[in-house]
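Worksheet for the structure shown next.
The values are calculated or read from the model by the stated rules, or taken from the named source; none is laboratory data. All values reported here derive from a predicted model rather than from experimental measurement. In this analysis, Cβ positions are derived from the backbone assuming ideal geometry, glycine residues included, and neighbour counts consider all displayed protein chains. For the accessible areas, the whole protein counts, side chains as well, though only heavy atoms, and no ligand, DNA or RNA atoms are used. Shrake-Rupley method; radii C 1.70, N 1.55, O 1.52, S 1.80 Å.
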Amino acid sequence: MPGSVQTAVYPATSSRAKLLAAVGVVAALLFTLPFTSDMPWVRLVAKPIPVLCMALWMAWLPGKGRFQVAVLTGLLLGALGDLLLELGDQTFVLGLVAFLLGHLAYTYAFLQDSRQPRWGWAIASYLYGAVAFFILLRAGDQGAMMVPVAVYVLVICTMLWRALSRLGSPGVPARSVQAGVVGALLFAASDSMLAFKLFVAPFPLSGLLVIGTYWLGQLGITLSATWASSPEMVAETATIPLPFDGEG
């Protein structure tokens with residue numbers, strides 16, 4: 001069939017998807033269950049596997065465009081960041097850089113669907129980042145980490161802005177838009193909780209909440225790229241009425 005290279009999208013119920021999901025869930029349990037808390041090597045190996053499973057799914061997706069390649073790049077950078085953060089304080093900044101580059105990759109991906117400024121979403125996104133950063137500053141002196149954290153906040157807010165800017169874009173599958181927005185919001189929430197835990201004070205279930213929202217955020221962005229590549233969903237465009245749905 002002419003053009004069939006774009007129509008074969010692995011269904012969520014395929015054996016390959018089930019295998020990747022099973023491996024990812026087992027790895028997530030190994031990382032989060034209490035009995036592995038004293039097994040650093042188990043945690044080091046297990047932590048990046050859920051995101052690597054998402055990356056494998058994206059790598060095997062047929063008919064990839066720039067959106068999907070950019071998301072695949074972001075997932076691989078995220079897995080690298082997982083390893084670097086788990087190694088300890090000595091590689092924390094390198095892990096931060098890996099995630100920063102991943103957010104730039106996701107920003108590039110979201111720009112493939114919409115480059116309209118949508119200034120309302122920009123103001124909302126950067127206002128969220130400014131408030132979060134102000135809370136960190138009020139918590140105490142961040143020392144040498146102040147500038148890296150500020151740059152990171154700027155980049156993730158940009159990624160969130162561009163995810164939100166896809167809302168209402170004509171010709172973009174609604175499920176892809178919604179998954180991308182949920183993924184970006186969860187990613188931002190995870191990073192905010194992590195920063196609060198590191199620079200302000202730990203809170204109950206902080207570790208589980210940080211990693212759980214992070215994995216779900218990555219999954220949302222992965223699904224966004226998957227559904228964006230599915231031609232049968234293009235007719236289901238994102239026409240949700242929202243307060244910042246104007247042209248500029």
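3J(HN,Hα) along the range 23-38: 4, x, 5, 4, 5, 4, 5, 4, 6, 9, 5, x, 5, 9, 4, 9 Hz, from the Karplus curve 6.51 cos²θ - 1.76 cosθ + 1.60 with θ = phi - 60°, whole Hz, x for Gly and Pro. Shape summary: the range 56-111 maps onto an equivalent ellipsoid whose semi-axes, from the alpha-carbon gyration tensor, are 24, 12, 4 Å in decreasing order.
What number do you get for the chain when its Cα radius of gyration is normalised by 2.2 N^0.38 Å, N = residues?
Compared with the compact-globule rule of thumb, the chain sits at 1.02.
Placing dummy labels 7 Å off each Cα toward the beta-carbon, the span from residue 124 to residue 111 is 2.2 nm.
Considering the range 82-152, its Cα convex hull presents a mean projected area of 5.8 nm². Coupling constants for the range 104-120 follow from the phi torsions by the Karplus curve (6.51 cos²θ - 1.76 cosθ + 1.60, θ = phi - 60°), and in residue order they are 5, 5, 5, 4, 4, 4, 5, 5, 5, 9, 8, 10, 5, x, 6, 4, x Hz; glycine and proline get x. First compute the accessible area of the chain with a 1.4 Å probe, then give the percent of it belonging to carbon and sulfur atoms. Within the chain, the accessible surface is 73 percent carbon and sulfur. Using the Karplus relation 6.51 cos²θ - 1.76 cosθ + 1.60 with θ = phi - 60°, the per-residue 3J(HN,Hα) values for the range 81-89 come to x, 4, 4, 5, 5, 6, 5, x, 4 Hz, with x marking Gly and Pro.
If you wrap the tightest convex hull around every Cα atom of the range 79-209 and split its volume per residue, you get 110 Å³. For the range 147-191, the solvent-accessible area works out to 28 Å² per residue, with a probe of 1.4 Å and every protein chain left in place. Each eigenvalue of the Cα gyration tensor of the range 23-155, multiplied by 5 and square-rooted, gives one semi-axis; in descending order these are 27, 25, 12 Å. Placing one equal scatterer on every Cα of the range 140-231 and applying the Debye formula, the log10 ratio I(q)/I(0) at q = 0.21, 0.22, 0.23 Å⁻¹ is -0.99, -1.04, -1.09.
Spacing of the modelled spin labels on residue 198 and residue 43, each 7 Å from Cα toward Cβ, amounts to 1.5 nm. Between residue 93 and residue 35, the distance separating the two model label sites (each 7 Å from Cα on the Cα→Cβ line) works out to 4.0 nm.
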